[in-house]
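To keep things clear, I will list the structure first and then write my remarks on it.
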Amino acid sequence: MNLEQLSSELRRIETEVSRVLVGQESLVEHVLVGLVARGHVLIEGVPGLGKTLLVRALARVLGLSFRRIQFTPDLMPSDITGSTLYSQKLGEFSFVPGPVFTELLLADEVNRAPAKTQSALLEAMQERSVTTDGITRPLSEPFLVLATQNPIESQGTYPLPEAQLDRFLLKLEVGHPSQAAEAQILLNYVAGFDPGELSHLSQVSSQASVVEMQRALGNIRIAREIIDYVTDIVRRTRTHPSVSLGASPRASIGLLNVARAHALWEGRDFVIPDDVKSYAHAVLRHRLQLQPDAELEGITADHCVDAVLRDAVVPKTSA
Amino acid sequence: MARRKCSRTLALFALLSLASPARAAPNDDPPAWQTVPPAASGDSVEAEEGDEDEDEPSDEDEAPTNPFASVPAEGVESSLSRALSGPEASFCKAQQAAVHDDPLLCSLSKLSVRQRCPGLRLACSNKPTESRSSWSSASSTSLLGQGLAAVSSLVFWLLLAALVIAVVLALRSVLVGAQFSAPETAKRSPLASSDAAPSEPHVAETDVARLWSLAEQSALSARFEDAVAALQAAMIHALRMAGKLHVSPALTNGDYLRALRSDESYGAARDVFRSVEAVQFGGAPASADLYRKLFQRVQPIVVRVLSVLLLCAFCFGPTACANSLSFGPEGGGHGLGVLTQLLRDQRVSVRRRIRPLNEIEPGVDAIMVVGEQPSESWTKLLEFAAGGGTLIVTESSEELVKATNVYYSSESYQGALSLATGFEPTQLQLSAVARHALDLRTSVQHERTYALAGKRPYVAERSYGEGRVLYFADDEFLSNASLSVGDNAFFAVSLLSHNGPTLELVGTWTGGGASSTFSSLYKAGLGALVAQLALLAVLFGWHGGTAFGLRRDPILVRRRAFRDHVLALGENYRRARATRFALATYGSWLIERLRERLSPQQPIGLIELASRLALRVGVPEPELVLLLTEAREAQDDVASARPSPTDLTTLEKLETMTLRAGGSK
């Protein structure tokens, strides 16, 4: 498939998912871009906005396997990765894969589990493999972790450590739908829509297509000026006075990949500054550690990214 | 009465024909001071007996200088030729000299002396029918002018209304934009102070016309990549000038498109951006076809903006660039433009005095009064003359008469003027149509008469204090038409140019300048309009309460209070869930303070400390032992133990006990 066909397939996926997830087109787009960029997505939003529905609908439309893990304080790492059990029938130890052995993994309320359990996902997310009992087992392709967390509850939660956060390519903040979208949700409900039943959704893509999209990123052209723009943005996060710890080189790579994926989404075979700028917040916001003073002032990471983007000169600008 | 007037006119003509040698001089003769031998002096007219003393230099010890010998005659003649041939000297042109209804000018044109303005005579010699036809054409011209004036007035008010509407729309867009972006700005404002990282200098062309030209030049040079980039830039800046875009180096094409989403130019802009981005970032070739395609999309946008600019320039340009007004109203027959030009050519700085006469600057050498002046002005002028300056007057006033005892009599005269005795061998052909004559009643020292009209003094000079007053019997002698006749120009320039390098003209315009901005507005008749605008602004501010422009918090650079640091530290502890660590550090510090307070001489253990503390605060000893032990154990297992909500409770209790025991100091 050429770029235009891949782009139109992505649009079809978005359209199909939006049939059940009303008013969250931007969220769907971002998740799909993250999937194409071979990244993982952390979704932050209050309950009831359709995060789980998004992942289920996405799995259905993409034709990918889907598992869900509800993170709880007593969740153990082996509950994620799997464990080796002795089979009396076979008379030997055999590995029972955990839910991480899937293509779409929903880590629901990921901050409910302690850091030890959260860390069980580290290798899976970065290396795309799981090591248990000294044996490394690769995960399937594609592999996308969609983690969710609730921004308002802090009691009994374990904030994700920086190393874990850095593994997520995008952090998306889900807002409430508009009034029209919410009215459409109610109309769908009145018409008999059942969030648990998604059989009416069509599968418009496949595992092979998703992998092809991910490989097509290599054909997206990146001008030198774009690379300079990306590095300029990331470098400015490190020198920003309100930021104590700026974005890492992994963030630069992530921003570049996301820009390429967005170019593919738009059907272009080259990256433009808009691709970078439009995804800078999603890529950088969870990678910035703010100064205590800035937090006292009510400054958020998004404000810092805004300031950085206001200062960074767009390549080949006409201004 | 009419008969007497007629007879007087005839007598004047007779006197002119008898007395004036210039009557026989051909019109195109060279100036008399060039052709007449120096010895010839028989043309000067003797003054009346009673005035004889006045004509002679009164200071016999001091030989009077001849002012007519110090000015180069050729220079004045060439300057006069230039001034009269210039487009500003409209009275000298037959087509423009509508002077048949001006008896003074026509009388001048009929003088039998050298005339340098044939148009003036031609215009005065038109027949009445022609005059009537001229009048009717002038009338139609006047009607046309009135119509044009009405149209101009209408256009002016329409443009003013459009300007006001544009300002209101601009304010509205700014304020609406401010409303939408105010929360975001307010949140971001603390960051504004933190933008310490210097941005790299970025310079780009922003002029639409130059960008357009650059695009065309690049296309002609087959540099189509530069050409399409310049086209895109021209479009962006045209939209900026139209108020549709805010342009910044940090904004992308997508930002611009989002700003244009509801604008008619959105489609064209999107196509242009896509095409140019493909060239700039996608490696697509820029061809002539692409340039033509983009040119067709960009052209309507740019041309629209440039048309508006050209219209503005067309409408407001004449007001801003009206060079011809410099000579302007002084170009008529009665104006002083020629005299001004001649004196400037003689390196005399001639300027109109706009400032009031309250204080005359020391650099002013001479002042010429043109027209009526209020009495207080005459007082100042006479003070100026008494202080050593030269005052040139062409009209009488009560103050002048009282001070100098020189009267202006109403004796009209038309014909040749004669130089007074004492200026031989100078011979000049002077002529005038005068309405007044000088009456020098009492003789004073340093009195001198330069020219005579018949037997009456026409140009004279008297000392006044340390200065002097130069009298001209009629202001028309210095007018443009008069100076074009005979040697009047040389005579006037000779008299006026040796008073000093600076001559100021005082007239009705003097004191008309504004001393302040408010005075200027008042004199321009804009006071009511400005007051209304100010009132509107006040009402608007009162109603909306919105600042003009985006509001930003001031940059605060202040030293933070210790409390803020403690709060920030506590916030960090809270985020890190470091309750155990807080108990370990703060608890151990409190235990040490308790030890210092309860046993300052020797160190004691926790049990003894609990015992003494129990006596002090009245809390059971076992409870205090448990409390102190928990705080102490926290120091040991701070790295291994999990944080617990009871840590903060323990810490709080320990702090309470410390305070009840007397505090930590």
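Filtering B:LYS402, B:LYS455 for residues that are surrounded by fewer than 24 Cβ atoms within 10 Å (Cβ to Cβ), over 24 Å from B:THR502 (Cα atoms) and free of Cβ contacts under 8 Å to residues at least 24 places away in the same chain leaves a single hit, B:LYS402.
For B:LEU590, the requirement of being farther than 29 Å from B:GLU571 by Cα and surrounded by 14 or more Cβ atoms within 10 Å (Cβ to Cβ) is not met. Of all residues in the range B:609-625, at least one satisfies being assigned by TED's automatic domain parsing to the domain that holds B:ARG577, touching a residue at least 24 places away in the same chain (Cβ under 8 Å) and part of a loop (DSSP other than H, G, I, E, B). Somewhere in the range A:186-195, is a residue within 20 Å of A:ALA282 (Cα to Cα) and assigned by TED's automatic domain parsing to the domain that holds A:ALA57? For the range A:186-195, residues within 20 Å of A:ALA282 (Cα to Cα) and assigned by TED's automatic domain parsing to the domain that holds A:ALA57: absent. Looking only at residues of the range A:196-224 that are hydrophobic (A, V, I, L, M, F, W, C) and not in a loop (DSSP other than H, G, I, E, B), we find that the one that is farthest from the other protein chains (Cβ to nearest Cβ) is A:ALA208. Based on this model, can you work out whether A:ALA312 counts as of a type in the set (Gly, Ala, Ser), more than 13 Å from A:VAL36 (Cβ to Cβ) and away from chain B (no Cβ under 13 Å)? Criteria not met by A:ALA312. Checking each residue in the range B:507-517 for being under 15 Å from the mean Cα position of the chain (by Cα) and either farther than 30 Å from B:SER396 by Cβ or hydroxyl-bearing (Ser, Thr, Tyr) (or both) picks out B:ALA514, B:SER515, B:SER516, B:THR517.
When the range A:17-27 is filtered for residues that are assigned to a helix (DSSP H, G or I) and crowded, with 21+ Cβ neighbours inside 10 Å, the ones remaining, listed by number, are A:VAL17, A:LEU27.
A:PHE193 fulfils the conditions (1) assigned to a helix (DSSP H, G or I); (2) more than 14 Å from chain B (Cβ to nearest Cβ); (3) surrounded by 15 or more Cβ atoms within 10 Å (Cβ to Cβ); (4) out of contact with any Lys or Arg (no Cβ under 8 Å at 6 or more places or on another chain) except for a single criterion, (1).
Within the range A:107-130, is there a residue that is in contact with a strand residue (DSSP E or B) (Cβ under 7 Å, 6 or more places away or on another chain), in contact (Cβ under 8 Å) with a residue 60 or more places away in the chain and closer than 26 Å to A:VAL22 by Cβ? Within the range A:107-130 (the criterion being in contact with a strand residue (DSSP E or B) (Cβ under 7 Å, 6 or more places away or on another chain), in contact (Cβ under 8 Å) with a residue 60 or more places away in the chain and closer than 26 Å to A:VAL22 by Cβ), the answer is yes, since at least one residue qualifies. Quickly run through the range B:251-272 and pick out the residues that are acidic (Asp, Glu) and more than 9 Å from chain A (Cβ to nearest Cβ). If the condition is that a residue be acidic (Asp, Glu) and more than 9 Å from chain A (Cβ to nearest Cβ), then B:ASP263, B:GLU264, B:ASP271 are the ones that fit.
Among B:SER248, B:SER218, B:SER275, which is more than 13 Å from chain A (Cβ to nearest Cβ) and not basic (Lys, Arg)?
Of B:SER248, B:SER218, B:SER275, the one residue that is more than 13 Å from chain A (Cβ to nearest Cβ) and not basic (Lys, Arg) is B:SER218.
When A:THR52, A:THR84 are checked against the criterion of being modelled with pLDDT of 85 or more and not aliphatic (A, V, I, L, M), A:THR84 stands alone in meeting it. Restricting B:VAL228, B:VAL208, B:VAL276, B:VAL272 to those that are more than 28 Å from A:ASP232 (Cβ to Cβ), crowded, with 21+ Cβ neighbours inside 10 Å and not aromatic (Phe, Trp, Tyr) reduces the list to B:VAL208. The residue of the range B:631-643 that is nearest to the chain's Cα centre (by Cα), among those that are surrounded by 13 or more Cβ atoms within 10 Å (Cβ to Cβ) and touching a residue at least 40 places away in the same chain (Cβ under 8 Å), is B:PRO643. Within the option set A:SER242, A:SER318, being within 11 Å of another protein chain (Cβ to nearest Cβ) and touching a Ser or Thr at 6+ places or on another chain (Cβ under 8 Å) holds for one residue only, A:SER242. Within the bounds of the range A:291-305, is there any residue that is in contact with a strand residue (DSSP E or B) (Cβ under 7 Å, 6 or more places away or on another chain) and more than 8 Å from chain B (Cβ to nearest Cβ)? Scanning the range A:291-305 turns up at least one residue that is in contact with a strand residue (DSSP E or B) (Cβ under 7 Å, 6 or more places away or on another chain) and more than 8 Å from chain B (Cβ to nearest Cβ). The set of residues in the range A:300-319 being crowded, with 23+ Cβ neighbours inside 10 Å, outside any helix (DSSP H, G or I) and not polar (S, T, N, Q) consists of A:ALA312, A:VAL314.
Considering the range A:62-172, the qualifying helices (runs of 4 or more DSSP H), each wholly inside and each with 1 or more residues that are more than 23 Å from A:ALA251 (Cβ to Cβ) and not assigned by TED's automatic domain parsing to the domain that holds A:VAL276, run over A:78-81, A:115-127.
Of everything in the range B:511-556, what is farther than 30 Å from B:GLU372 by Cα, at pLDDT 80 or above and aliphatic (A, V, I, L, M)? Give them in sequence order. Result: B:ALA528, B:LEU529, B:VAL530, B:ALA531, B:LEU533, B:ALA534, B:LEU535, B:LEU536, B:ALA537, B:VAL538. Within the range A:256-269, does at least one residue satisfy the condition of being in contact with a Cys (Cβ under 9 Å, 6 or more places away or on another chain) and either within 7 Å of chain B (Cβ to nearest Cβ) or surrounded by 22 or more Cβ atoms within 10 Å (Cβ to Cβ) (or both)? The answer is no, given that none of the residues of the range A:256-269 is in contact with a Cys (Cβ under 9 Å, 6 or more places away or on another chain) and either within 7 Å of chain B (Cβ to nearest Cβ) or surrounded by 22 or more Cβ atoms within 10 Å (Cβ to Cβ) (or both).
Among the conditions (1) out of contact with any His (no Cβ under 9 Å at 6 or more places or on another chain); (2) assigned to a loop (DSSP other than H, G, I, E, B); (3) within 11 Å of another protein chain (Cβ to nearest Cβ), A:ARG287 misses just one, which is (3).
In the range B:231-256, which residues are under 37 Å from the mean Cα position of the chain (by Cα) and either buried (at least 22 other Cβ atoms within 10 Å of the Cβ) or closer than 15 Å to B:GLN296 by Cα (or both)?
B:LEU231, B:GLN232, B:ALA233, B:ALA234, B:MET235, B:ILE236, B:HIS237, B:ALA238, B:LEU239, B:LEU245, B:LEU251, B:TYR256, listed by residue number.
For the structure I just gave you, tell me whether A:VAL276 is more than 7 Å from chain B (Cβ to nearest Cβ) and crowded, with 18+ Cβ neighbours inside 10 Å. Yes. Among all residue pairs at least 6 apart or on different chains, which show Cβ distances below 6 Å where the first residue, located in the range A:174-193, is under 22 Å from A:GLY45 (Cα atoms) and the second is assigned to a helix (DSSP H, G or I) and not aromatic (Phe, Trp, Tyr)? Hits for this filter: A:VAL174/A:LEU27.
The values are calculated or read from the model by the stated rules, or taken from the named source; none is laboratory data. Nothing here was measured: the structure is a model prediction, and the numbers come from that model. Every residue, glycine among them, receives a Cβ derived from its backbone with ideal geometry; neighbour counts consider all protein chains shown.
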